[in-house]
1. Condition check: under 29 Å from Gly97 (Cα atoms) and in contact with a Pro (Cβ under 9 Å, 6 or more places away or on another chain). Does Gly321 satisfy that?
2. Looking at Ala265 and the list (1) within 29 Å of Gly56 (Cβ to Cβ); (2) crowded, with 22+ Cβ neighbours inside 10 Å, which single condition is not satisfied?
3. Would you pick out the residues in segment 139-160 that are closer than 15 Å to Gly29 by Cβ and surrounded by 18 or more Cβ atoms within 10 Å (Cβ to Cβ)?
4. Give Gln349, Gln376, Gln367 a once-over and let me know the one that is assigned to a helix (DSSP H, G or I) and open to solvent by 10 Å² or more (accessible area, probe 1.4 Å).
5. If you go through segment 77-85 one residue at a time, do you hit one that is within 23 Å of Asn16 (Cβ to Cβ) and surrounded by fewer than 24 Cβ atoms within 10 Å (Cβ to Cβ)?
6. Any residue at all in segment 418-425 that's over 22 Å from Gly309 (Cα atoms), in contact with a Pro (Cβ under 7 Å, 6 or more places away or on another chain) and β-branched (Val, Ile, Thr)?
7. Whether any residue in segment 332-341 is free of Cβ contacts under 8 Å to residues at least 60 places away in the same chain, open to solvent by less than 10 Å² (accessible area, probe 1.4 Å) and in contact with a strand residue (DSSP E or B) (Cβ under 6 Å, 6 or more places away or on another chain) is what I want to check.
8. Output yes when any residue across segment 384-401 is of a type outside the set (Asp, Glu), open to solvent by 10 Å² or more (accessible area, probe 1.4 Å) and closer than 19 Å to Asp261 by Cβ, and no when none is.
Amino acid sequence: MSPKLFGTDGVRGTANSYPMTAEMALKLGAAAGRFFRRDGSTAHRVVIGKDTRLSGYMLENALTAGLTSTGMNVLLLGPVPTPAVGFLTRSMRADLGVMISASHNPHHDNGIKFFGPDGFKLSDAAEEEISAMVFGDIALAEPENIGRAKRIEDARGRYQEYAKTTFPSGLRLDGLKVVIDCANGAAYKTAPEVLWELGAEVISVGVTPNGKNINDRCGSTHTQTAAEAVVAHGAHVGISLDGDADRVMILDETGHVADGDQIMALLAGRWAEEGRLLGGTLVATVMSNLGLERFMTSRGLRLERTAVGDRYVVEAMRRGGFNLGGEQSGHIVMTDYATTGDGLIAGLQFLAEMARSGRSASDLVHQFETVPQMLQNVRYAAGQNPLAIEAVQAVIAAKTSQIEGRGRILIRKSGTEPLIRVMAECEDEALLRAVVEEIVGAVQAAI
């Protein structure tokens, strides 16, 4: 069996260390190129986008070399949001889309995500085939069939024009002062320009990338920066994206943060009223708050839960024919508009509701009462598996029994970092804290 390369969101790791080396990127490119050229024809193309990490240059060149070596013609998009790659893969009739990004991770990490010709992320089965090819012999193209590479200068503009079409044609953002935090990432030009073109007064933060400051004390995982800007400028609302702009957090006029659950509740309720919520169902992960489930049930709607990862949300949406889903972390998937989470378009949908209703952000972001929830992360070293330790399992079983009927516990390994995530919900906050602290203590003792 070949080593496991792909996690919950592509291949990811520390730049210039396995598996995020130029050598591995070249092999991944060659394997993906061969996977999509199995019919032997020569008219194949791939689009490659990236965020603003310094290592993006290295990986972009290595991927290009691998892809062209198997006869793929490469179209280089430059820095664009992850959802732009999904959109442009379909728009440009490409066989494959590639995004070079580690999303919300710090600059020293990077990753490679693949999109199929339909603009959706590849299935587990496809990733396993590509992974097996990486560690095997890859048939290269004949000299006369080596691919070409070309830079697409207006890729960002194409996506921006599309993003604006998702905003209701009869509305504008005139009179709204909006803080946009782009995390010094892929949307540092895209998001402010779209908001300004729709009429907003825009205060931009996190728009001076230098290759090393992506997600650094800014963006959706550090909302203090946007919150301070909202208050300082007297803004009506803040929109905080992550490094590749596929997730979003909304901040009201006081700087209070609304996570993905509240945004999904707003959209689900509104879409249901308009008859747009297909199947009367919202798809979310096991991490979403119990309060969201109660919100949906109280309106005669349904919440379907999946494993953590926006790809699993999308798979469930496609399987069930649903058009709205996402994660508490801010991935909002609207398949009427995009093939993956899109922070900018989700932000536009929130702003459209503000413009349509005339209601304040603070009114709109509070859709339901959350059940108290705690999440703590425990980092572990390579090769360790603390959840397999009998003493840890015993504590988890005991605490699960203790909280049963009053809440729930979810413990899992992160799919993108070496972390054990310990999450619990319970209306008894003292019990909640005690349960989480005891489980975390057991995990830490096992490391």
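1. Working: under 29 Å from Gly97 (Cα atoms): yes; in contact with a Pro (Cβ under 9 Å, 6 or more places away or on another chain): no.
Judged against the criteria, Gly321 is not a match.
2. (1)
3. Ala141, Gly147 - these are the residues of segment 139-160 that are closer than 15 Å to Gly29 by Cβ and surrounded by 18 or more Cβ atoms within 10 Å (Cβ to Cβ).
4. When all the criteria are applied, what remains is Gln349.
5. Yes; the residues of segment 77-85 include at least one that is within 23 Å of Asn16 (Cβ to Cβ) and surrounded by fewer than 24 Cβ atoms within 10 Å (Cβ to Cβ).
6. Step one: filter segment 418-425 for residues over 22 Å from Gly309 (Cα atoms), giving none.
No, segment 418-425 contains no residue that is over 22 Å from Gly309 (Cα atoms), in contact with a Pro (Cβ under 7 Å, 6 or more places away or on another chain) and β-branched (Val, Ile, Thr).
7. Yes, there is a match, as at least one residue in segment 332-341 is free of Cβ contacts under 8 Å to residues at least 60 places away in the same chain, open to solvent by less than 10 Å² (accessible area, probe 1.4 Å) and in contact with a strand residue (DSSP E or B) (Cβ under 6 Å, 6 or more places away or on another chain).
8. Going residue by residue through segment 384-401, those that are of a type outside the set (Asp, Glu) are 384-389, 391-401.
Narrowing the set further to residues that are open to solvent by 10 Å² or more (accessible area, probe 1.4 Å) leaves 384-385, 387-389, 391, 393-401.
Now narrow it down to the ones that are closer than 19 Å to Asp261 by Cβ: none.
No; the residues of segment 384-401 include none that is of a type outside the set (Asp, Glu), open to solvent by 10 Å² or more (accessible area, probe 1.4 Å) and closer than 19 Å to Asp261 by Cβ.
The values are calculated or read from the model by the stated rules, or taken from the named source; none is laboratory data. Predicted model only: the values in this text are computed from it and were never measured. When we count neighbours, we look across all protein chains shown, and the Cβ atoms used for this are built from the backbone with ideal geometry, even at glycine. Ligands, DNA and RNA are stripped out before the accessible areas are found, and what is left, the full protein with its side chains, is counted by its heavy atoms. Shrake-Rupley method; radii C 1.70, N 1.55, O 1.52, S 1.80 Å.
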